[in-house]
Amino acid sequence: MPRACLFLLVLSILFSDPAAGQTPDQRRRDDEARRDKIESILRIQDLRTPHDGSLRGALSDRDPQVRRKAYLAYASLQDTAEISALVAGLADPDTDVQEAAAFAVGQTGMMLSDAGRQRLEDDLLWKRLDETSAKDRLIEEIGKFGTPEALRQLLLREGNAFPGPHTPALQRAIARFAIRTVTSDDGVRYLLRSIRPAERAPWEVLYALQRIGDHPEIRQDLEHLLLIREHPEPLARMNLAALLGKVKEPRLVLTTLQNLALRDSDWRVRVNALRALGSQGLRGQPVCIEIVRTSMFDAHPHVALAAISAAGSADLGGDPPEPFAVQLLDQLKLIATNSGGTFHWHTQAEAANALAGLLGPSAFGFCQPGRNAEPGLTAELLRVAGRTGAPDALALLSTYLEDESPRVVCGALDGLGALLAKHPADSGMAVAVLRSALTALESRDVAVVSTAAGMLREKPLVSHTPVAALTGKLAALRVPDDIEAFQEICATLGTLKDRAALPVLLEVLKTPDPSVAGAAADALQSITGTDYRNRIPRRTEPLYTDLDFAYLRALPDTIPATLETARGTIGLVLFKNAAPFTIMALAKLADQRGFFRGRTFHRVVSNFVIQGGDPRGDGWGGPGFTLRSEFSPLAYETGTVGIASAGKDTEGSQFFITHSPQPHLDGKYTIVGKVLRGQEVVDQILVDDRIYDFKIGRGE
């Protein structure tokens with residue numbers, strides 16, 4: 001018997017199904033044993049304590065469900081010391097376990113050094129790829145960390161057979177490479193082969209192409225690409241529009257973009273088409289300008305916002321403007337003035353921002369916050385005031401630096417930074433902005449401190465920023481409330497490159513929060529040229545844990561939930577096994593504290609996400625503790641519910657829901673569930689729309 005067959009026979013005996021021929025009592029005992037083992041794995045994963053060897057031992061457990069859970073735990077831990085054990089899992093007798101091992105390899109491969117990535121990809125490409133049942137998953141995972149050489153080798157190995165059994169996996173892998181800006185001519189050609197016939201082109205191929213952007217091969221095949229405008233799948237048309245916005249061939253693409261922006265039945269396609277029109281430049285294009293102008297009053301709020309933004313990014317040129325642009329400017333002024341309160345404040349702010357891009361200092365008059373304006377509107381108008389570059393903006397912004405709303409103060413600080421960027425040689429303005437930033441740095445508010453620290457990295461301020469002000473503040477910060485402030489101050493100290501910061505940064509390096517310690521390590525490396533990542537404590541347990549397994553067991557595997565909002569009700573399903581501790585935290589916040597009642601959606605990006613769950617309402621708040629990341633092989637599709645973070649293991653109460661698939665988020669943000677009903681409600685949500693309640697276990 002060949003040695004390989006003997007090895008597989010031994011494995012099949014060792015890992016044979018333990019449930020075969022069992023009595024009900026034996027099955028119950030085995031179920032309890034499995035539950036205990038999985039809970040032990042979850043405990044290790046949440047405490048970040050794999051060092052005692054028990055998690056490694058679980059990789060060889062007789063029960064495939066236990067082994068699978070152990071590999072998924074490693075996918076969240078991303079411990080590069082275990083990469084060999086993860087690769088070995090690609091030969092597991094169970095195909096589901098192999099899939100989990102492949103996912104863990106991809107997640108962990110992202111954390112390796114360049115040399116480590118090269119060694120890993122060589123091993124996978126030449127030894128493992130043809131021996132695993134998880135080949136498709138592994139091909140895609142290589143796209144998360146592989147070098148340009150890995151892309152070349154994948155195309156050589158798998159790209160000749162077309163279409164082949166692994167074509168979809170290779171398409172997804174090319175997209176994942178492109179997300180990291182790793183591209184190749186052969187990769188583009190492979191994707192272009194996949195769009196024939198045009199009406200059957202997978203939307204994932206269009207996504208990959210638009211991530212690549214402008215490319216000679218794409219321009220040569222534009223005529224065929226344009227046929228996809230008739231594709232029955234909106235996601236294909238949506239990504240086509242995004243691609244056409246990046247391909248600088250206005251003579252060929254404008255007509256298609258005009259039709260998509262004006263007539264497409266899906267609002268997401270129209271949003272992308274309008275953005276693409278703006279990026280192409282509207283000077284001398286009266287038809288495009290008219291489409292943008294009329295779309296500013298579209299019934300769908302995201303289409304209107306996209307049109308206003310497109311107008312602001314357009315190059316209308318000329319003084320005075322071309323005749324067909326005058327009406328567009330008049331309409332923008334009407335919305336920015338918003339004298340009758342007709343428009344949502346976010347729309348008003350977007351119009352003011354568009355005018356700043358078009359008129360510069362002349363738009364300053366449209367950036368004056370009213371006496372009783374919403375804090376969100378005031379903050380945005382202050383940012384826009386700075387972007388106009390108007391000299392009078394300095395006095396306006398300075399008057400808001402002591403406002404009682406941190407949201408407004410941050411808007412004023414951002415405005416000062418934008419104003420200084422318009423006048424980098426104005427030493428008097430630089431002194432005034434520096435003074436304002438240093439004063440704001442003394443605040444106790446994390447948002448204000450973080451914004452001020454980021455400002456101090458601006459080039460006109462770097463040489464004048466006192467290191468002591470930053471290190472003194474750094475020593476006073478605490479996790480988890482000040483994580484973002486830690487990160488921003490460390491980044492600024494790294495930019496300053498002053499060795500006086502080393503003692504404090506070395507202390508910060510010991511912080512239990514991995515994102516904070518990582519920021520300190522990056523700053524230390526920037527100052528000294530030495531890699532400090534290996535000095536981050538690997539065995540630090542988190543400050544907050546909740547190992548309430550009794551509560552967790554009481555939750556069903558799929559948990560119905562309803563999100564009641566000012567726009568309507570959204571029905572959700574939460575996947576407990578994908579992110580058990582995160583979902584338990586959300587359930588307790590919702591059920592025991594009523595935490596989400598009265599919160600708002602503080603961030604909305606058209607055709608991307610809506611985000612809420614922040615008690616502050618400005619994106620800087622949380623529940624008072626941080627959770628560990630729980631990554632899963634699930635993908636971000638339309639209506640996927642994920643958890644926001646400021647870096648790995650910094651999740652809290654802020655959640656988001658996607659408008660459309662977002663593959664670049666996969667494996668980077670915890671997924672907790674999906675919309676079952678009410679996606680049309682998600683699509684209507686605007687900034688500051690209220691959440692009435694988040695009910696767990698009482699939905700459909």
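The values are calculated or read from the model by the stated rules, or taken from the named source; none is laboratory data. Since we're looking at a predicted model, the values are computed, not measured. Methodologically, a virtual Cβ is constructed for each residue, glycine included, from the backbone with ideal geometry; neighbour enumeration extends over all protein chains shown.
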Positions within region 40-66 being buried (at least 16 other Cβ atoms within 10 Å of the Cβ) and touching a residue at least 40 places away in the same chain (Cβ under 8 Å), in sequence order: Leu42, Arg43, Gln45, Asp46, Arg48, Thr49, Asp63, Pro64
Failed condition for Val462, given (1) in contact with a Ser or Thr (Cβ under 8 Å, 6 or more places away or on another chain); (2) crowded, with 16+ Cβ neighbours inside 10 Å: (2)
Subset of region 325-339 [crowded, with 19+ Cβ neighbours inside 10 Å and not in a helix (DSSP H, G or I)]: Asn338
Checking Thr342 against (1) farther than 23 Å from Asp618 by Cβ; (2) in a helix (DSSP H, G or I); (3) in contact with a helix residue (DSSP H, G or I) (Cβ under 9 Å, 6 or more places away or on another chain), the condition it does not meet: (2)
Lone unmet requirement of (1) more than 30 Å from the chain's Cα centre (by Cα); (2) in the same structural domain as Ile44 (by TED's automatic domain parsing); (3) closer than 30 Å to Arg196 by Cβ for Gly106: (1)
Region 186-203, residues that are in contact (Cβ under 8 Å) with a residue 24 or more places away in the chain and assigned to a loop (DSSP other than H, G, I, E, B): Ser194, Ile195, Arg196, Ala201, Pro202
Residue count, region 649-668 (criterion: surrounded by 20 or more Cβ atoms within 10 Å (Cβ to Cβ) and closer than 17 Å to Arg603 by Cα): 11
Test: residue in region 243-263 that is at pLDDT 95 or above, surrounded by 20 or more Cβ atoms within 10 Å (Cβ to Cβ) and among the charged types (D, E, K, R): no
Identity of the residue in region 127-143, of a type outside the set (A, V, I, L, M, F, W, C) and buried (at least 24 other Cβ atoms within 10 Å of the Cβ), that ends up nearest to Ala104 (Cα to Cα): Glu141
Count of region 608-645 residues which are buried (at least 22 other Cβ atoms within 10 Å of the Cβ) and over 23 Å from Asp693 (Cα atoms): 5
